[in-house]
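Asks: Structure provided below as structure tokens; questions to follow.
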Amino acid sequence: MADSTLTRAVRWDTVVAALLIVVVLLSFGFVDGFGNALNLSFLVGNTLPIALIALPMTLLVVSGEIDLSVASTAGLSGAVMGALWNQGMTIEVIIPICLLLGVVCGLVNGLLVTRLGLPSLAVTIGTLAAYRGIAQIVLGSDAVTDFPTQYLDFAAGRLGDTFIPYALLPFLVLLAIAVVALHATPFGRALFAIGASEEAARFAGIRVKRQKLILFTLTGVLSSLTGVFWALHYASARYDNATGLELSVVAAVLLGGIDFDGGKGTLGGAVAGVFLLGALQNVMSLQDVSAQSQTVLTGVLLVLSVLGPRVARQVAVARAGRRAAPPPPVPKTPAPTS
Amino acid sequence: GGTTKEDVKNEGGSAASAGKADPNAATKKGLTVGFLPKQVNNPYFTTADKGGEVALKELGSSYKEVGTSSGTDTAGQVSYVNTLTQQQVDAIAVSAQDPGALCTALKQAMTNDIKVVTYDSDANPECRNAFISQASADDLGRTEVQLLAEQIDYKGEIAILSAAQTATNQNAWIEIMKDELEDPKYKDIKLVKVAYGDDDAQKSFQQTQGLLQEHPKLKGIISPTTVGIKAAAQYLSGSKYKGKVKLSGLGTPNDMRKYVKNGTVEAFELWDPAKLGELAARTSVALASGQITGKEGETFKAGDMGEYTIGKDGVINLGKPTVFDKKNIDQFDF
Amino acid sequence: MTHPSTTGTAPVLALEDVSKSFGAVRALRDVSLELFPGEVHALAGENGAGKSTLIKTLAGVHRPDAGQVLLDGTPVVFHGPGDARDAGIAVIYQEPTLFPDLSISENIFMGRQPRRALGRIDHKATHAATADLMRRLGVDLDPDQPARGLSIADQQIVEIAKALSFDARVLIMDEPTAALTGSEVARLFGVVRTLREQGAAVLFISHRLEEIFQICRRVTTLRDGAWIASELLEGMSEDDLVRRMVGRDLEELYPKQDVTPGEIALSVRRLTREGVFTDVSFDVRCGEIVGLAGLVGAGRTEVARAVFGIDRWDAGEVEIDGKPLVNGAPSTAMAAGLALVPEDRRAQGLVMDMSIERNIGLTGLRTTRKAGLVDRGAERSRSLDWAVKLQVKYARIADAVATLSGGNQQKVVLAKWLATGPKVLIVDEPTRGIDVGTKAEVHRLLSQLAADGVAVLMISSDLPEVLGMADRVLVMHEGRLTAEIARTDATEETVMAAATGRAAA
Amino acid sequence: MTVTATDPTPTTEAPKAGSARLVDRIFKMRELAILVVFLVMIAVTQAGNSEFLSEQGIRDLLLNATILVLVATGQSLVVITRNVDLSVGSTLGISAFAAGTYLQGGGNPVVAIILAVLLGIGFGLLNGLLVSLGQVPALVVTLGTLYIIRGIDSIWVGSRQITAADLPDGFVDFGSGGLSAVPYLALIALVVVVGTAYYLKQFGSGRELYALGSNPEAARLAGIPVRKRILAAYTFCGALAGLAGALYLARFGNVDSSTGNGYELTVVSAVVVGGVVFTGGSGSVYGAALGALLLTSINSVLPALGVSSVWVMAINGILLILAIAVDRIVALRVATALKKRNARHG
Ligand SMILES: Nc1ncnc2c1ncn2[C@@H]1O[C@H](COP(=O)(O)OP(=O)(O)OP(=O)(O)O)[C@@H](O)[C@H]1O
Ligand SMILES: Nc1ncnc2c1ncn2[C@@H]1O[C@H](COP(=O)(O)OP(=O)(O)OP(=O)(O)O)[C@@H](O)[C@H]1O
Ligand SMILES: [Mg+2]
Ligand SMILES: [Mg+2]
């Protein structure tokens, strides 16, 4: 149908990607201090934690769920890392333990959501507080900063004089895995179905609960990996590491065109959204735009990200002539099951 | 084998400052000093930074202020350090949200020939050239205890309402307070609890309520944070404890004026934040001009403020805090 | 165009040369229609002919691209469903449109509740009016029960009650009987007759032709969005009507092939789900089509759900080819060769926002993969293949199934499951909302499958269908299997007797 | 093959009259469950600390809840329509400051409150228009307006702050005063909650909010003015956020640019704990108000019991999860009961 051709032409994730490229190119030309390798490495390095969590978050949102406890999981694994380090454990043992902890955090969320059928928004608001609280109990007021230099250098350093932080490389690998998993495997395909209609997915033999559990667990692992990375990148493990990161992740993912009703979106869009926000913030700071104005602009971008595609579509439809009443939106009627 | 804390310790720290000071070097003009407070829009920091701005103007240099709108957005603060580094300012005056987290970025700034001064809240010593301390932890901790002790006649239970559990300066003061309380003259005073209000008005409010319910015999509260003391004062003034439970600590005269006048609070103390900012600015310029390097024992002249000597670990003390009470509070406006 | 209006009165509601397109799909082309008071008018046509679109145009959901709607002879423009309602038009849409969280009585009277002083709702009166409606329809539904959890049939009944509550001048019903069994249909018709006598105009859509002949006086036929004829039903035969709709003669409706049943493929032993069904045992052999009949709510769907693993059973066991199935695990049931075409295509059968292609591909994600990845080529050819086989009418295979007509959606559900090549196929109301032509096609397909050795369990509320297709008929009543009737003995009477619990075989 | 032809055991028909009341009672029970949890918590605390329920203690408990109760009431209306308003915290902050600025200039407290409410209505309208006319996801839009309003607020406010000294004494006293143990602010909140609940239950437009949250498409087909209702819900929510802002000012006597920061999560928690379902169509403002009371009381109970504040956050989170889990289990039981009752009919 003509309508869907138009829809495809104005797909928001491509718009965001294009926008990202435009912003970067313009900044190269017009913003002092943007284009050099050091700044770019700052930009990428500081955006990486958000990007890392955005990967599983995108998958989760596509399947119709959300995890707001990611930042707390990151904080908790950072805190545990600090506490164990203070105990004199070797870092090579600590990191796997932290990742295991991420598995546990994710599993708790996942089990509460899948076994008890609780809404993930509510559950993860709860664990957001719980995990952060546990982090506070574990590490108290300590700030652990004396991690081994080779690790710190890896997390904060870059490849020679290029703009590429070392940590970007593993991220790219993870990104590639996530893209394939979401867009090319049966697992990913099933996620879209689950997000669009959980009941229909179940009737098609998709193991909805198992898939969701896996996703929550993965989110936990990647969050704790982010926590470890965060502590090393900023050379500081405190219980309040990464506080509030969840909203940044959610905002970026939303900006990338991921539909919070589930069933729609691409990882490319999400990652483009993350780096678009990161690049804009970097550019605005370089241009001495105040934090307050940056906040306003983030908000405006978010609103535009949902209004934009709609307006574009309507303009396109209107131009296609023969303007009829728009087809009614397909209702997402909760299936009459109890 | 693997890497443990012990291995790291053996590596040893790196020296912070290099080069030689030339006390007679001319004060450079046309420098840019970037102020990076813990939180923009925070009245306390705004006053401090204003002080810095005035001083810089007088010195013929320029001032800029950047920062995050949240006081716990460490990542944001790091990226502001990065940005300032990019912009090649001559010096950064920063109040660190986290002593460790800013280190990498601050070191990077220093290798790019930017002088780094911390004020109000310090970063690890090796990550900055100098720290402007609002008052020595010793002075503050002890005087706060003394202030409250007088009000309660050296008798009864007291509690502390602090900010975040991780606040470095708060914790240092609390340690000193505990130490001061060891003194035999405080033998009838008992510190029953340290509560944390996270510098959040509502939380501090509820923590105050909790303190009073849990310890009905409470005689006094010390709140060494401007947000905490204000919230505690507001709660006390609207409750039956008004005037009965004494409150002291660190607050700004403007915040506390009403409570001093209506009898909720007798006396509290604070340094002048504008002076703190001014000293940070003057130190930055002195560093950038090469008059000092941040080594212990160096001295420099800070305009009207007189001469300052750099103490151990590059710490510069602003001076003793001012005590505010009914009599003098109207002479201050900040 | 002739109007056999023998009553002489003017039409209450009419369409004049109405056209409506959705993008490139021309759903209605210059269609005209007149509804007279005191008359039941049928609307017939294949799936996707434009019947529902026509109804939505009358109801103010769609605005026509060209042509106009006439109310009492004067052109009107409905700006929304509310306008049409205010004009005295009550509509039952093809798919139930209930508020799952609200009670039945609130569903019925939403927006029109009886009021007390100050515009407050009179809850008592609402309750009483609902109870009254339920009595008129002869059903036993509690007015205060939430709509969530109602079976499709009960939902349909609530829809009917809602439409009746309007005391409307025009009653429009889009396949109201698709989910109902004989007795409910009979009661509905009783009510419709009363309304007709009171002077209401009724527009009725059904793919069950006998129903049209039973209650309607005139019929308007649509084909591919175009108006074909409006004529009196009197003197017409079913074949005539089918010819109008399809444009050609049809093959036999129940092309049952005789096969000798083979091994037992599906065996259900003493299956119990507390409070839902009890002690259900039966076998289905390869090559056999077994019908499962019963009244609405007898528990047939529940048995099918449990067998497939959607719900867990409390006791008993299920075997495929002698191997027991895991309780509550649809994926292992699928792996064992079981397929279930569910009764609620919108909620259970399809992911409405997904394309036709992906919906059909969904059941083959695990079987048609290459190196662990989705094999898009195979997916596409598989879905094209089955869409063509089942004559799904679509614009592009990548369009969302939501844009298809109801019947075509049903075909996609069938395609999705037939594509798995099942050993045992359970179909729950497989032809609900499917037009006669396709129905014959579906029957031919089921028959062919059975001939190829597939064991088929067919749940259907369409008794002629069961009788025509099944080798054996199982009958359920109130959660228990009450009878097994051989093809030769199965008649409407014997089945109904068992279904209503009057006799056990 | 055998067909189990059992004799038709007479199924016991549930008495129909009782069933109506049962359903009603059960839905009330969910609120009752929260109330019970709340009361138990209070009782335990009182047992551990006899000061807790002193007149002052009760007043504090009620005062603490007031502001959250108001915002949660507004929020639950929006959530019932299957939307959400994340910008309430920002709205609260900016309207509190607006009222404060006005009072600082020597304004009349009543006018100040009206001003705050009007400002709230303005932002509510903005959200409502974006969501209902733009037909875009509420979560994204209101996350956007959260940032926008917060940004505007901090640009406008800068580092200024309003302290109790700037406010008329009557206004501040009103914020902490009351009739013996019942603060004036709590009375205001009570009136709002009861009024809203009555409206939702007794008026057609109130029921329509539930309908359109339950099934938006069906609501459209039923001729419900969907956009108008959504707009109204957002406006009401904004108005209450504005009112809450004014009361915040009276209560805390202190407003700056960070007032209300991060409040959205607390409000959403309260609403969720109160049993208002995020997919719309069900829940009540009583539930939301109880949820708010429960949440704020936890923050008073733990310090009163002498629990170290280090533990508070973790306990808070775990209690939140427990509350929703218990609610869910009750709901599941109810559903099973309903299903069994309805299993045999027709
Ligand atoms: N909202 C829509 N968007 C796009 N196409 C649509 C929409 N609604 C209907 N159509 C198309 O219009 C045509 C007519 O559909 P309609 O639902 O009116 O058929 P119908 O006669 O009711 O069929 P059935 O008997 O299967 O219910 C179909 O080709 C369908 O795909
Ligand atoms: N999706 C569902 N969720 C909850 N309860 C249901 C559901 N479907 C049916 N029920 C209930 O289970 C009982 C058995 O209904 P079921 O649908 O199994 O009967 P059936 O014989 O298949 O009749 P039908 O002709 O309606 O399909 C009904 O009383 C109904 O209320
Ligand atoms: Mg139709
Ligand atoms: Mg059924």
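Asks: So, with a 1.4 angstrom probe, what is the percent of accessible area on the range A:216-270 that is carbon and sulfur?
Replies: Its accessible area is 65 percent carbon and sulfur atoms.
Asks: Can I ask one more? What longest region of chain B stays clear of GluC sites (Glu not before Pro) that DSSP places outside H, G, I, E and B and that have at most 11 other Cβ atoms within 10 Å? Numbers along the way, then the final one.
Replies: Details: sites that count: B:Glu182, B:Glu296.
Counting only loop sites that pass the neighbour cut-off, the longest clear stretch is B:1-181.
Asks: Any chance you could tell me what percent of the C-alpha pair distances in the range D:39-134 go past 20 Å? Don't skip to the end; give the middle numbers.
Replies: Details: 2513 of 4560 pairs.
Considering the range D:39-134, 55 percent of its Cα-Cα pairs are separated by more than 20 Å.
Asks: Residues of A:137-150, mean number of Cβ from any other protein chain within 10 Å of their own Cβ, rounded to a whole number? Display every interim value, and only then the final one.
Replies: Numbers: counts 6, 2, 2, 4, 11, 3, 7, 2, 8, 7, 4, 7, 4, 1.
Mean inter-chain Cβ contacts per residue within 10 Å come to 5.
Asks: In nm², what is the average projected area of the convex hull enclosing the Cα atoms of the range C:281-436? List each step's numbers first, then the result.
Replies: Values: hull surface 40.4 nm².
Taking the Cα atoms of the range C:281-436, their convex hull projects to 10.1 nm² on average.
Asks: Could you tell me the largest-minus-smallest coordinate of the C-alpha atoms of the range A:1-101 on each of the three principal axes, in descending order and whole angstroms?
Replies: 62, 42, 19
Asks: Would you calculate, for chain C, the mean residue ellipticity at 222 nm contributed by helices, counting each DSSP H stretch of 4 or more residues as -39,500 (n - 2.57) and dividing by all residues, to the nearest 500?
Replies: Numbers: 16 runs with 160 residues, N = 505.
For chain C, the value works out to -9500 deg cm²/dmol.
Asks: Can you pull a Stokes-Einstein diffusion coefficient for the range C:1-103 at 25 °C (0.890 mPa s), Rh from Kirkwood over Cα pairs, as a whole number of µm²/s?
Replies: Details: Rh = 14.7 Å.
The diffusion coefficient I find is 167 µm²/s.
Asks: How big is the D-B contact in terms of buried accessible area, both chains counted, 1.4 Å probe, rounded to the nearest 100 Å²? Working shown, then result.
Replies: Details: alone 17300 and 15290 Å², together 29720 Å².
Using a 1.4 Å probe on protein heavy atoms, the buried area is about 2900 Å².
Asks: For a protection proxy built on the mean count of beta-carbon atoms within 10 angstrom, sort C:488-496, B:316-324 highest first, please. Provide the component values of the computation, followed by the final result.
Replies: On the way: C:488-496: 15.3, B:316-324: 18.8.
Final packing ranking: B:316-324, C:488-496.
Asks: For the range C:149-265, which whole percent of the accessible surface, found with a 1.4 angstrom probe, sits on carbon and sulfur atoms? Walk me through the intermediate numbers first.
Replies: Working: 2030 of 4460 Å².
Ligands and nucleic acids excluded, carbon and sulfur give 46 percent.
Asks: Give me the accessible area buried between chains D and C, both sides summed, with a 1.4 Å probe, in Å² rounded to the nearest 100.
Replies: Values: alone 17300 and 20920 Å², together 34390 Å².
Buried: approximately 3800 Å² between C and D.
Asks: Per residue of A:201-214, what is the mean number of Cβ atoms on other protein chains within 10 angstrom of that residue's Cβ?
Replies: Numbers: counts 3, 5, 18, 18, 18, 7, 4, 1, 0, 1, 0, 0, 0, 0.
For peptide A:201-214, the averaged partner shielding equals 5.
Asks: So if I average 1/r over every pair of distinct C-alpha atoms in chain C and take the inverse, what Kirkwood radius in Å does that give?
Replies: Working: mean 1/r = 0.0419 Å⁻¹.
Result for chain C stands at 23.9 Å.
Asks: Among the listed pairs B:Lys244/B:Lys327; B:Lys107/B:Lys301; B:Lys178/B:Lys275, which have their C-alpha atoms separated by more than 24 angstrom in this model?
Replies: On the way: B:Lys244/B:Lys327 20 Å; B:Lys107/B:Lys301 26 Å; B:Lys178/B:Lys275 28 Å.
Beyond 24 Å between Cα atoms: B:Lys107/B:Lys301; B:Lys178/B:Lys275.
Asks: Whose amide H sits under 5 Å from the amide H of B:Ala93, counting only residues 5 or more places off or on another chain, with H placed in the peptide plane?
Replies: Amide H neighbours of B:Ala93, under 5 Å, 5+ apart: B:Gly34, B:Phe35, B:Leu36, B:Val117.
Asks: Based solely on its DSSP helices, what 222 nm [θ] is calculated for chain B when runs of n ≥ 4 H residues each add -39,500 (n - 2.57) and the sum is averaged over all residues, nearest 500 deg cm²/dmol?
Replies: Computed ellipticity for chain B at 222 nm equals -11500 deg cm²/dmol.
Asks: Could I ask something else about it? Among the aspartates and glutamates, which have Cα under 16 Å from the Cα of C:Lys20 when same-chain residues fewer than 8 positions away are ignored?
Replies: By straight Cα distance, C:Lys20 reaches A:Asp3, C:Asp30, C:Asp65, C:Asp224.
Asks: Can you tell me the mean projection area, over all orientations, of the convex hull of the range B:199-259's alpha carbons? Units nm², please.
Replies: Details: hull surface 14.4 nm².
Projected over every direction and averaged, the Cα hull of the range B:199-259 covers 3.6 nm².
Asks: If you take every DSSP beta bridge whose two residues both sit in chain C, what share of them, in percent to the nearest 5, is antiparallel?
Replies: Details: 45 of 82 bridges.
That works out to approximately 55 percent antiparallel.
Asks: With the convex hull built on the Cα atoms of the range A:78-175, state its orientation-averaged projected area in nm².
Replies: Seen from a random direction, the Cα hull of the range A:78-175 projects 8.4 nm² on average.
Asks: Roughly what would the spin-label model give for A:Gln150 and B:Asp330, points 7 Å off Cα along C-beta, in nm?
Replies: Label-label distance for A:Gln150 and B:Asp330, simple model: 6.9 nm.
Asks: Work out the length of the dipole vector of chain D about its Cα centre, built from +1 on the beta-carbon of each Lys and Arg and -1 on the beta-carbon of each Asp and Glu, and round it to the nearest 20 debye.
Replies: Values: 22 positive and 17 negative charges, 285 e Å.
The calculation lands at about 1380 debye.
Asks: Let me ask something additional. Keeping the other protein chains in place, figure out the carbon and sulfur percent of the accessible area of the range D:145-297, with a 1.4 Å probe. Don't jump to the answer; show the numbers that get you there.
Replies: Details: 2930 of 4350 Å².
Heavy-atom surface of the range D:145-297 belonging to carbon and sulfur, 1.4 Å probe: 67 percent.
Asks: Provide Rg and Dmax in Å for the range C:193-274, with only Cα atoms included in the calculation.
Replies: 20.4, 58
Asks: Keeping all protein chains in place, calculate the accessible area per residue for the protein assembly as shown (probe 1.4 angstrom), answer in Å². Please report the intermediate quantities before stating the final value.
Replies: Details: 53580 Å² over 1523 residues.
With all protein chains present, the protein assembly as shown gives 35 Å² per residue.
Asks: Where does the range B:18-106 land on the Kirkwood hydrodynamic radius, alpha-carbon pairs, in angstrom?
Replies: On the way: mean 1/r = 0.0720 Å⁻¹.
Radius from the Kirkwood sum: 13.9 Å.
Asks: Would you kindly state how much longer the chain becomes between C:Arg396 and C:Asp83 on full extension, computed as 0.36 nm times their sequence separation minus their alpha carbon distance, in nm to one decimal? All intermediate terms of the calculation are to be shown ahead of the outcome.
Replies: On the way: separation 313, 0.36 × 313 = 112.68 nm, distance 3.44 nm.
Difference between extended and current length: 109.2 nm.
Asks: Need one number: the % of Cα-Cα pairs in chain D sitting beyond the 31 Å mark.
Replies: On the way: 23030 of 59685 pairs.
Tail fraction, whole percent: 39.
Asks: Now a separate question. So what's the Cα pair-distance distribution over chain B, bin width 20 Å, in %?
Replies: 31, 53, 16, 0
Asks: Using the Kirkwood radius over Cα pairs, work out the Stokes-Einstein diffusion coefficient for the protein assembly as shown at 37 °C and 0.692 mPa s, in µm²/s as a whole number. Please list the in-between numbers first.
Replies: Numbers: Rh = 35.5 Å.
Rounded to a whole number, D works out at 93 µm²/s.
Asks: For peptide D:165-171, how many partner chain Cβ atoms fall within 10 Å of a residue's Cβ, on average? Write down the numbers at each step before the final one.
Replies: Details: counts 9, 3, 1, 0, 2, 0, 0.
What the average comes to for D:165-171 is 2.
Asks: Additional query: Applying 1/(1 + (r/R0)^6) with R0 = 25 Å to the Cβ-Cβ distance of D:Ser180 and B:Lys244, what FRET efficiency is obtained, to the nearest 0.05? Could you put the intermediate results ahead of the total?
Replies: On the way: r = 20 Å, r/R0 = 0.79.
Taking R0 as 25 Å, the efficiency between D:Ser180 and B:Lys244 is 0.80.
Asks: Follow-up question, since we're still on this one. With labels modelled as points extended 7 Å from the Cα through the Cβ direction, what inter-label distance (nm, one decimal) is found for C:Ala24 paired with B:Lys57?
Replies: Reported label-point gap for C:Ala24 and B:Lys57 is 6.9 nm.
Asks: I would also like to ask the following. Choose one of C:Met352, A:Leu111, C:Gly190: the residue whose Cα lies farthest towards the positive end of the charge dipole of the protein assembly as shown (beta-carbon charges +1 Lys, Arg; -1 Asp, Glu; about the Cα centre).
Replies: C:Gly190
Asks: Using only the heavy atoms of the protein chains and a 1.4 Å probe, how would C:His123, A:His233 rank by accessible area, largest first?
Replies: Reading off the accessible areas and sorting them downward yields C:His123, A:His233.
Asks: Using 20 Å as the Cα-Cα cut-off, could you pick out the over-long pairs in C:Lys323/C:Lys423; C:Lys393/C:Lys416; B:Lys190/B:Lys258? Walk me through the numbers before you get to the answer.
Replies: Values: C:Lys323/C:Lys423 13 Å; C:Lys393/C:Lys416 15 Å; B:Lys190/B:Lys258 29 Å.
From C:Lys323/C:Lys423; C:Lys393/C:Lys416; B:Lys190/B:Lys258, over 20 Å: B:Lys190/B:Lys258.
Asks: Roughly how many debye, to the nearest 20, is the charge dipole of the range B:126-188 about its Cα centre, given +1 on each Lys and Arg Cβ, -1 on each Asp and Glu Cβ, and no other charges?
Replies: Numbers: 6 positive and 13 negative charges, 29 e Å.
The calculated dipole for the range B:126-188 is roughly 140 debye.
Asks: Return the calculated 222 nm mean residue ellipticity for chain A, to the nearest 500 deg cm²/dmol, obtained by summing -39500 (n - 2.57) across DSSP H runs with n ≥ 4 and dividing by the residue count.
Replies: -24000 deg cm²/dmol
Asks: Considering all alpha-carbon pairs of the range C:231-340, what whole percent are spaced by more than 25 angstrom?
Replies: Details: 2483 of 5995 pairs.
Cα-Cα pairs of the range C:231-340 separated by over 25 Å account for 41 percent.
Asks: Can you compute the charge dipole magnitude of the protein assembly as shown about its Cα centre, using +1 on each Lys and Arg Cβ and -1 on each Asp and Glu Cβ, nothing else charged? Give it in debye, rounded to the nearest 20. All intermediate terms of the calculation are to be shown ahead of the outcome.
Replies: Numbers: 137 positive and 147 negative charges, 286 e Å.
Computed about the Cα centre, the dipole is about 1380 debye.
Asks: Could I ask something else about it? Before anything else, pin down the relative contact order of the range D:87-175: Cα pairs under 8 Å, at least 6 apart, normalised by residue count, whole percent. The partial results should precede the final answer.
Replies: On the way: 63 pairs, mean separation 40.4, N = 89.
Reported as a whole number, the value is 45 percent.
Asks: Related question: Using only protein heavy atoms and a 1.4 angstrom probe, determine the accessible area buried between B and A, summed over both sides, in Å² to the nearest 100. Mind showing how you got there, number by number?
Replies: Details: alone 15290 and 16670 Å², together 28950 Å².
Heavy-atom accessible area buried at this interface is about 3000 Å².
The values are calculated or read from the model by the stated rules, or taken from the named source; none is laboratory data. Computed from a predicted structure; not experimentally measured. FYI the Cβ positions are ideal-geometry reconstructions off the backbone, even for glycines, and counts take in every protein chain you see. Just the protein is used for accessible areas: all its heavy atoms, side chains included, with ligands, DNA and RNA removed. Shrake-Rupley method; radii C 1.70, N 1.55, O 1.52, S 1.80 Å.
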